[in-house]
Structures are given as structure tokens and as C-alpha cells.
Amino acid sequence: MIEIIDFNKIGIFLLGSILCPFIMPFLNLHKDFMSEMKTEIINSGIGVKIFTIYTDVLHEGKETYNYYYENNILFQKIMIDSIELYDNIHSIIYNYKLEPKTKKNYWININILNNLININESKTEYILNEKYYFLEDDNEKNTSLMCEHNTNIIKNIKKNNLISILLIVKNKEKNHTIVNLDNEINYTSEKSKVKFISIEYEDPLLNKKTEIVLNDNLLYENNEILSPAFIKRYIDYNPLDINYTPHYKLHIMDSNINMITLTKDNYIKLGKTRYDIIDNK
């Protein structure tokens, strides 16, 4: 009888062989932790010591991981590919979008939120039309020309059919966001010192509130955030069990414990140390 080769087992064996040198230190750390924890429980039974040992082991594990990540190209690639695979599977299961990951990590994203709705599976959803433009480098002149070309196209669209427009330019880890297309992007903008303690999205019809967490790459001077298109895009790109409604309310608490409420009629523009509430035109 001809023996059938189990390629799954071969793949698991090869993957295990590759990962073994990296995983073993973590397993040894875990083993040492369990041994020390058992000794402490028997000898003293003091929870504080157990907690101290636990945090020490976690710190050692983190240091070991960082060492291999920074000094071993193979380990780094495996970790990056594993995280990307996890993100892709997670987005499919929970039905949300992922931003593209390019080699240069540099692109322009145009979003147009209009009054068109899509009735799908007995749900009414507002449509966010978006398009990506991928750039080969971060040449400011080329980016400005591309942005100007696209903003001119958008301005020629009938405004009475639009709820909101959002232009995003991603430059490595920094995102520039524009709502008012008459404004220019400042590519040398610094990190804003403005902080928000909490942001909650409320659907008044469902009496339901959902927390919104902004990434640090959005918190730069002159960035315009929390407009209707911004909110719709945030919902589409996160695993949230909510739908966009133009009747939404944003309840915001800033770092000075000031409470403000935004609707589809306004958004926020970030400054260096303060923010302004801007009315949609």
C-alpha cells in the first residue's frame, strides 16, 4: 500500500522547527515562574510576593521578545506575518475593513459620504464611497499635486447630494485628515497636545452608546476629525456592532473635564494645545 504523505504534519513540523529556538525561552520562563510561584505559596502564602514574581516574569518575557524581534530577522518576519494573518482573519469574522499595508506605507484615501442608502438583509446602511491612491514615495510636491487633482474633482460633485467629505494622507505613521477642502495639508505638523478622556457615539433612536478610541497617528496639528465621514469610516474599519446614522451624537470629555456634544453639523480641528469646533458648510 502506498503511504499518503500528510503535508499538514510536515508543515507543522517545519514551523515548529523554525519557532522552537524562539519559543523555548518563553516556555522556560513560564516553567520557572510556575516553580517559583509554587515555592512561595508553600513557604509563605503571601499574595504580594506571587504578584511580584509574576510581573518580573512578564518583564523578562517582554525583554526576551524585544531582543529577538530587534536582532533576528526571521523571528521578526514570522511575528509580522502572524499578526497580519490574525488581523485578516479577525476582520473577516467580525466584518470590518482594514487599511492597506504597503511597503512604503504611504497613500491617499478619499471618502465621500452621501445620502444614498443600501438596504441589505433588512438593514438600512449609508454608503461611504472611498478610493485609495498609492504613492511610491513621500515627495511632498507629488502628494500636493495628487491632493489638488482629487479635491478639484470632488468640488465639482453636486454638494447637495453629499453629507460629508474626508481626505486622508498617510505618511508612514502620521495621518493628515482634511474635511474642509479649502484648507491645505501641513506635512510638517507636530503632534497635538490635545487629549480626549472619552468619546462616545450615541444612536438616539436605539438609545445605545459606543466608545470611540482615536489612534495617536490622527492627533496632529491642523487635523480635522470627528466629521460625519470620519465617523462612518471609523465604524466601517472597526469591529463594532453598530450602524451609522445621521442622527448620531458624540459625547466628548476633554482633558480639562469639559463636556461637549457634536452632531453631523460640526467637527473638531486640532491645534497645538487647543481644539476648535467647526460647523459644516
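Full extension from Asn243 to Tyr187: what is 0.36 nm times the residue separation minus their Cα-Cα distance, to one decimal in nm?
Between Asn243 and Tyr187, full extension yields 16.9 nm more.
Between Ile127 and Asn72, what is the FRET efficiency for a Förster distance of 51 Å, r being their Cβ-Cβ separation, to the nearest 0.05?
For Ile127 and Asn72, the calculated efficiency is 0.65.
Can you pull the three principal axis extents for the Cα set of the range 178-231, in Å, largest first?
41, 25, 13
With a bin width of 10 angstrom, please list the P(r) values of the range 224-281 as percents of all Cα-Cα pairs, from the 0 bin to the one holding the largest distance.
Spelled out bin by bin, the range 224-281 gives 21, 52, 26, 2 percent.
So, in nm, how far is label Glu99 from label Ile278 when the simple model puts each one 7 Å beyond its Cα toward the Cβ?
1.9 nm
For an R0 of 45 angstrom, estimate the FRET efficiency from the Cβ-Cβ distance between Ile83 and Asn207 and round to the nearest 0.05.
Plugging the Cβ-Cβ distance into 1/(1 + (r/R0)^6) gives 0.80.
First measure r as the distance between the Cβ atoms of Asn256 and Lys62, then evaluate 1/(1 + (r/R0)^6) with R0 = 30 Å and state the FRET efficiency to the nearest 0.05.
For R0 = 30 Å, the calculated efficiency reads 0.30.
Structure shown: which of Lys172/Lys193; Lys174/Lys269; Lys131/Lys232; Lys62/Lys101 lie over 23 Å apart, alpha-carbon to alpha-carbon?
Exceeds cut-off: Lys62/Lys101.
Which ordering of Ser189, Ser227 is given by a fewest-first count of other beta-carbon atoms within 10 Å?
Ser189, Ser227
Rule-based calculations on the coordinates, nothing more; no lab input. Computed from a prediction, not measured in an experiment: that's the story for all the values here. Neighbour counts run over all protein chains shown; Cβ positions are idealised from the backbone, glycine included.
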